[in-house]
Amino acid sequence: ALIKRVGLIDQWESTRPWPIRLKNQLMEKVRGPVSDVDRLDALVAMLDQKLSVWTEKDKVFIACEWPQRDVAVAMVQGTLLALQTLRLERDVKAIEASALALDAQREGVEAEMRQRLEFIEAEQRAAIAAKRWPRSAPSRV
């Protein structure tokens, strides 16, 4: 995704040093053109060697050794964006899980309150039936 976001496949030929471009042109005459899949595989292998991400305590470090400065900056920015997106997704999932747990807890409390209310209403009906509820106030004549 990073390779496509930065556009490395499109820049493949123009960003390579001239001796390698010359070698590639000669190889294309012998073997035919390099497919996009092969270019992508080569770029992934290069990226594995040239891009590093590590953490120290609470800091994330991203380093990129690439011949073209603007491409290196774009790859670091793309990596940072990908890490931020992953963190956001993780945080959203955690919030969703907490919300689901709170919903389940609320449903449990609501069910318990309904049961208590039904119990109180049943006691009131029983008391009314036994003429004990509500207590009649003495009549004043």
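The values are calculated or read from the model by the stated rules, or taken from the named source; none is laboratory data. All figures in this text were calculated on a predicted structure; none of them were measured in a lab. Because the Cβ atoms are built from the backbone with ideal geometry, glycine has one as well, and the counts that use them run over all protein chains shown. For accessibility, only protein heavy atoms count, side chains too; no ligands or nucleic acids. Shrake-Rupley method; radii C 1.70, N 1.55, O 1.52, S 1.80 Å.
With a Cα cut-off of under 24 Å and a minimum spacing of 8 residues unless on different chains, the lysine pairs in the chain number 5.
Since only A97, V30, A1 are under comparison, the one whose Cα sits farthest along the positive direction of the charge dipole of the chain, derived from C-beta charges on Lys, Arg, Asp and Glu, is A97.
When the Gaussian network model of the chain links Cα atoms closer than 10 Å, the mean-square fluctuations of A104, A94, A72 top out at A104.
Approximating the spin labels as points 7 Å out from Cα along Cα→Cβ, the I128-to-D48 distance works out to 7.8 nm. Once both labels are positioned 7 Å from their Cα atoms along Cα-to-Cβ, the gap between D10 and E112 label points is 6.0 nm. When L88, L83, L51 are compared by accessible surface with a 1.4 Å probe, the order from highest to lowest is L88, L83, L51. Surface composition of the chain: carbon and sulfur atoms hold 58% of the protein heavy-atom accessible area at a 1.4 Å probe. Here Cα Rg over 2.2 N^0.38 Å was calculated from the structure, and among [x] 1.09; [y] 2.44; [z] 1.22 it sits at label [y]. For S14, the accessible area of its heavy atoms, probed at 1.4 Å with every protein chain present, is near 90 square angstrom.
Charged side chains reduced to their Cβ positions (Lys and Arg at +1, Asp and Glu at -1) give region 1-82 a dipole of some 180 debye around its Cα centre.
Across the options F61, L81, A129, the greatest Cα extent toward the positive end of the charge dipole of the chain (unit charges at beta carbon of Lys, Arg, Asp, Glu) belongs to A129.
The slack between Q105 and R90, meaning 0.36 nm per residue of separation minus the straight C-alpha distance, is 3.1 nm. Between the helical axis of 36-50 and the longest alpha-carbon principal axis of the chain there is an angle of about 80 degrees.
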